Every structure is written in C-alpha cells, then in structure tokens.
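**Student:** Quick one: the structure is below, questions incoming.
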Amino acid sequence: MNIAFAPYISLPGQQGGTLQMPHPLLLSRAHWTGLLLATSLLLLALLWPVFSGQNQTTESAASTSALPQPLQTTTPDIEALSIATPAVIDTSPTPQQHTIASGDTLQAIFQRYEIGASTLSAIMQADEDILALDVLHPDSHLIMEKTPRGELQRLTLELDPGRILHYERSSEGHFSYAWAPVELDWQARLFRGEISGSFYQSALRAGLSDQDAMNIAEILQQQLNFRRDLQAGDQFAVIRGEERNQDTPTGRTRLEAIRLQRGNREYTAFLFSDGSFYDAEGNSLTPAFLRLPSKQPYRISSAFNLARRHPITRRVAPHNGVDFAMPVGTPVLTTGDGIVSRTGNHPYAGKYVEIEHQGAFKTRYLHLHRIEVRRGQQVERGQRIAQSGNTGRTSGPHLHYELHINGRPVDPMTADIPEATSIPDEQLGQFRDQVETTLAVMTKHANETLVASLFAPTEG
C-alpha cells in the first residue's frame, strides 16, 4: 500500500498567522538540527514578552522606592542649605615682635628671623638720616611685618612710648622712614632738697638723676663753684619736665627751672621758649655757639634741604644738615659746650659723634675719619672732637654737620643759636611772668609734687 506524505506542514505563527515548514519525515539530519534551532528561537520569541513584563514590574518598583520623597512641610534649615563661600586669602603682612636685649644687633636679629642681607642694607640706607638702628637700646621693641612670601614689608622700632618709627618698603624695593603720629605733652615735677655732703649726693637723695645733677652744675657753672662754694644746709629747688604719652612716661626729661639758695644769695636758671637758659634778670646762661665746626670756612657742597634728592640714589630724601667739602684729616670742632651722648660707626653715615648741649640743642658730626672723644665726656666750645673723613656712603670727602633744636633738625647756617645775650625787650615781659609763676611754685609745693609745665617751646 502506498502512503502519500504532504511535503509541508503548517504551524501556528504570531498574530494568528501560519508558518509553513517541510514535513519532518522528509528532512535530513542537517535539516533536523536547523529545525530544532529555529523552533527554540521561535519559542523564546513567543515567551519573551511575558518574562519582560515581570522584570519591568520589579524594576519599576525598585526605581519607585529610590525616588526622593516629598519635602516636609516644616521650614528648612537655611544655614544648612546655604552655599559655602570660598575662604578669603589674607595677604596682609604677618607681624613678628622682638624685644631688644643687651648686645643685640640688627644684623643678628634679621638672621634669626630669616631676613636677607639685601633688606638689611636697604633698611640701613633709610636710617642714615636718623641713626636709630646702628645702636639698639635694650627693652626697645622691633616689629617685623612680612608678606605671605616672607619678604619684609615694614619694620617698626618702638624706642619708647613717645617715639615709634616705621620703615616702609616701596614698590621699587627701597625703604623710607616716618615717625608715627603720637600726641605728647609735658608734666613737671618739683624736687626740693638740702645740701648735705656734695651737691651730687644731695640731688640724688632728693630724687633727681645723676644726669640731672651734672646738667645743673654745668648750667650754673658761670655763677658758682659747686665744690668750693656750697655749704651744708644750703637749699635747692628744681623743676624737671617729664614727657608723657597720655599717662605713660616716655623716659625723656628736661630741666625747666633751677633755684639754689646759698645764705643770702640766690642763683637761678629758667628755660625759655628759645631753648636757652637765663637768670632771673633775663641774662643768658647758655654759652654762645660757634656757627662753623671748623677753624676756617670750607665750601658748602650740599646745603640743608628737607626736600633734597639724594646724589647717589636720586630718590627724594631729607638732608638734615650741611656738607662741608673738607679734606680727610681736617680737625672737627664742637660748636658748643656739652656732653658727648653718642659715638658710632654707621654703614651709611660712617663714623659719627653726637653732642647734647644745654637747653634744647644737639649737634651731630658724620663721615668722620677718626673720633677723638668718648661717650659721656664733657666738651667745650671749640674743642677738637674728631677728624673729617670719607667713611660710610659718600660721593667724596666731607663733613656732614647737623644742628637740632627741640628735637628737630634746623639749618645750622641760618638758625638762631645761643649768642650769650639777654632776652629781647619785646619778650622780657613774658619772661618775667614766667619767672614769677615758677618761683611761687618752688616755694609753695613739697618735694616731688607734680605741677603743670611752665615751659612752651617754639617749633623747631
């Protein structure tokens, strides 16, 4: 019997259609393998939407749980939600303070605080006109302010509560100096005593300093001999002015009035507004000054000029004195009686001498070849104190000479210097009123009583 086979069979397809496939009994082995593979792919395609839907439901649920929850109805923390601002970088100089000890030098201090030699040189160049840094005084303060890069921007020297000096770096790298504005006043103190032993010892017992005692003897030396003339029981009274910054003493003092009673005789000295001392009649007690610090006149190579341009640096720098074109070795004379207050060797001012004179006068002599006096030595007008030279920073051999009155430099060629004369007639009435008031204070008050200063100096 013959059995007939249909060459193809029909299978259901997607979306209601049919799929025509060869009859399995007519297929070879290779066809069977391909048919099984195609059937597996077809079943996978048919079942994929079911599994896919389940996965999407699971992922949707997981995704929904990860969504951010609605904001609470309470007020949010504004501070917590604020945007942080970036930190501001502080570029202001960082201060470092150093209290000066005995033996300190600026070079050693700069090495300790890692400030270079070039900065030291620039600072000392600015210090040439004031001579404040070559000899440092114990218990003074240095304040160094550096930039974030470690470069010194400002150096402040606190000499005392009344004198604060700033050295400031410019954009070109040079330094200039300026005194800090400080309001100062003077308060006077009365000292009274009786001679017992020497005047020097009696003055110390009354509360005066050893420098006060020496100055009193110098001021009155033309009127009496302190070693020979004074006797036990003689009376003295002294008014000493004391400079103050508000209620803080600066350490600076000045003698304003002296009265010494020896039996029936009275010796007096009163400081007047011109910086000189006079007796009760208005006669000068301050020895006359010389106009020139040499035996003969020399050419002025650079005059006094507070707005001068420096001949080497070409920068505007005050010239606080007069330069005389003297050969090296020329004798230098002190222009007035006084006491040597400083000697030194400055890298720019060279070897120098400073002398304190009676009243409000001070002189300086710079760029010396050799110094022939010592600190604390008494000198007389016209005495040889040094030899002119060419030390420090100079453009040639010369003597730089300065005159200061009431703490300020003045032109020594034109300033009013002591001339051993009397008070001018137009000022005599003012002076006599001052004398009367001062003597009343000396009589009325006890020892070490604070009184108002009776001395008003003129501007230097």
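The values are calculated or read from the model by the stated rules, or taken from the named source; none is laboratory data. Everything quoted here is computed from the prediction, not taken from an experiment. Note: ideal-geometry Cβ built from the backbone for every residue, glycine included; neighbour counts use all protein chains shown.
**Student:** Take the conditions closer than 16 Å to Ser294 by Cβ, surrounded by fewer than 22 Cβ atoms within 10 Å (Cβ to Cβ) and touching a strand residue (DSSP E or B) at 6+ places or on another chain (Cβ under 8 Å) and apply them to Glu356. Does it pass?
**Tutor:** So Glu356 does not fit the description; no.
**Student:** Run down Gly336, Gly359 and say which single residue is touching a Lys or Arg at 6+ places or on another chain (Cβ under 8 Å) and either of a type outside the set (Asp, Glu) or at pLDDT below 95 (or both).
**Tutor:** Only one candidate passes the filter, namely Gly336.
**Student:** Are there any pairs, at least 6 apart or on different chains, whose C-beta atoms fall under 9 Å, with the first in the range 211-230 and under 18 Å from Glu256 (Cβ atoms) and assigned by TED's automatic domain parsing to the domain that holds Leu255 and the second small (Gly, Ala, Ser) and at pLDDT below 90, and if so, which?
**Tutor:** Cβ pairs passing all conditions: Ile219/Gly359.
**Student:** Kindly evaluate Ile371 against the criterion of being under 20 Å from Asp127 (Cα atoms) and outside the structural domain of Ala132 (by TED's automatic domain parsing).
**Tutor:** Judged against the criteria, Ile371 is not a match.
**Student:** Then there is this: Could you tell me whether Phe277 is buried (at least 21 other Cβ atoms within 10 Å of the Cβ) and either over 31 Å from the mean Cα position of the chain (by Cα) or not aromatic (Phe, Trp, Tyr) (or both)?
**Tutor:** Yes, satisfied.
**Student:** Wholly within the range 248-364, which strands (runs of 3 or more DSSP E) include no fewer than the required count, namely at least 2 residues that are without any contact (Cβ under 8 Å) to a residue 60 or more places away in the chain?
**Tutor:** 248-262, 265-271, 331-333, 338-346, 350-357
**Student:** While we're on this one: For Gly275, work out the one condition from (1) in contact with a Gly (Cβ under 7 Å, 6 or more places away or on another chain); (2) modelled with pLDDT of 90 or more it doesn't fulfil.
**Tutor:** The failed condition is (2).
**Student:** State whether one or more residues within the range 143-151 are assigned to a strand (DSSP E or B) and among the hydroxyl-bearing types (Ser, Thr, Tyr).
**Tutor:** Within the range 143-151 (the criterion being assigned to a strand (DSSP E or B) and among the hydroxyl-bearing types (Ser, Thr, Tyr)), the answer is no, since none of the residues qualifies.
**Student:** So, in the range 233-247, exactly how many residues are surrounded by 16 or more Cβ atoms within 10 Å (Cβ to Cβ) and either outside any strand (DSSP E or B) or not hydrophobic (A, V, I, L, M, F, W, C) (or both)?
**Tutor:** 7
**Student:** Moving on to the next point. Inside the range 117-168, can you point out the residues that are free of Cβ contacts under 8 Å to residues at least 60 places away in the same chain and basic (Lys, Arg)?
**Tutor:** Hits for the range 117-168 are Lys146, Arg149.
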